[in-house]
Structures are given as C-alpha cells and as structure tokens.
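The values are calculated or read from the model by the stated rules, or taken from the named source; none is laboratory data. Nothing here was measured: the structure is a model prediction, and the numbers come from that model. Cβ: placed from backbone, ideal geometry, glycine included. Neighbour counts: every protein chain shown.
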Amino acid sequence: MMKKLCLVLLAAALAAPAAAGDLNSWIELARKDLATAKQAILTEVMDFSATEADAFWPIYREYQTEAAAWGDRRLALLKGYADSFDTMNDVSADKLVNDSIKLQEDRTALMKKYYKKFNKAVGPTKAARAIQVENQLNTLIDLQIMSETPLIEAGEMTVK
C-alpha cells in the first residue's frame with residue numbers, strides 16, 4: 001500500500017504544474033495535498049496503538065509546521081535561483097551554494113529535533129520508522145525538484 005501511495009504522491013506532484021494557473025495557489029494546494037498524502041502514508045505504515053497515535057500526531061503536526069517554514073526558505077532560494085539564472089556570476093553562485101548547504105543543515109537539525117520528540121512519544125523503533133518514511137518521501141520530492149532545476153551554465157559566469 002505504501003508503494004501505491006508514494007506513486008500517487010509522485011504522480012500528483014508531476015501532473016499538478018501543468019494545470020496550475022497561479023504558482024502561489026498551486027504551491028499551497030500542493031502543500032495541502034502532500035501533507036494529506038504524507039499523513040495517510042504514515043498512518044498506513046506506522047501501525048500505532050491508540051495511545052501511540054495520541055502521542056505522535058500532535059508532535060507530527062508541530063513538525064509539519066516547522067517543515068513548512070523550512071519549505072518556504074527552500075522556495076525562496078529556488079525563486080532566487082530562477083530570478084538570477086540568466087545573470088548568474090561567481091558571487092551569486094557561491095551564495096547560492098552556501099545558502100543551499102545551510103538549508104540542508106537546517107533540515108537535518110529539524111529531523112534530529114523531531115526524532116528525539118518522536119522517540120520520547122513512541123519509542124526508538126517507531127520513531128526511526130517515522131523518520132525513515134519522512135526521509136523517503138522527502139527524497140522523492142527532492143528528486144522531482146532537482147530534475148526540474150537546470151544546471152548553472154558555467155561558461156556564462158563572470159565576476160561582477
């Protein structure tokens with residue numbers, strides 16, 4: 001079932017931009033769809049007892065709020081990249097890479113923070129499974145974003 005849900009999630013992410021008229025509206029719709037799909041996938045694979053579910057889901061919603069803020073930063077970075085793509089120079093490329101590395105470090109810190117909270121709520125095995133599923137879904141999303149992001153044209157860069 002998880003494999004089917006992951007494929008549906010990926011298909012929705014691939015198909016939605018073609019129908020999108022307004023980028024910001026599409027982003028909000030995609031976020032809601034992703035949050036719903038992620039929760040369905042986690043519900044399917046976690047097999048929580050009622051007590052575990054009561055402990056886990058409020059923490060997961062808190063995580064989703066912080067992850068959405070991280071996503072806002074990622075979106076701003078991607079928009080900045082798109083806006084500067086044609087005028088990319090060594091300085092802006094360096095800033096882009098450093099901002100991207102910081103963003104990944106912050107994502108890792110977020111996962112560490114919430115692994116500790118999940119661990120306290122449902123124990124290490126289920127907390128690890130939740131993080132594993134989250135990482136798998138994030139990887140699918142990352143791959144989609146990366147496949148749509150053009151490489152910097154190295155020959156066109158100049159120091160400005």
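Note on region 115-131: among residues that are of a type in the set (D, E, K, R) and within 17 Å of Glu44 (Cβ to Cβ), the one that is surrounded by the fewest Cβ atoms within 10 Å (Cβ to Cβ) is Arg129. On the given criteria, is Phe48 of a type in the set (A, V, I, L, M, F, W, C) and modelled with pLDDT of 90 or more? For Phe48, the condition - of a type in the set (A, V, I, L, M, F, W, C) and modelled with pLDDT of 90 or more - is met.
Residues in region 41-57 that are farther than 12 Å from Glu134 by Cα, part of a helix (DSSP H, G or I) and touching a residue at least 24 places away in the same chain (Cβ under 8 Å): Glu44, Glu52, Ala55, Phe56. Annotation note: of Ala82, Ala93, Ala40, the sole residue that is over 14 Å from the mean Cα position of the chain (by Cα) and either farther than 26 Å from Pro150 by Cβ or not hydrophobic (A, V, I, L, M, F, W, C) (or both) is Ala40.
The listed residues are Leu75, Leu110, and the only one of them that is surrounded by 11 or more Cβ atoms within 10 Å (Cβ to Cβ), farther than 22 Å from Asn24 by Cα, touching a helix residue (DSSP H, G or I) at 6+ places or on another chain (Cβ under 8 Å) and touching a residue at least 40 places away in the same chain (Cβ under 8 Å) turns out to be Leu110. Comparison of Glu105, Glu134, Glu153 shows that the only residue that is of a type in the set (D, E, K, R), surrounded by fewer than 11 Cβ atoms within 10 Å (Cβ to Cβ) and either under 25 Å from Ser49 (Cα atoms) or within 17 Å of the chain's Cα centre (by Cα) (or both) is Glu105. Annotation note: Cβ proximity below 7 Å between a residue of region 81-100 that is part of a helix (DSSP H, G or I) and a residue that is β-branched (Val, Ile, Thr) (sequence gap 6+ or interchain) occurs for Asp90/Val159; Val91/Val159; Ala93/Ile152.
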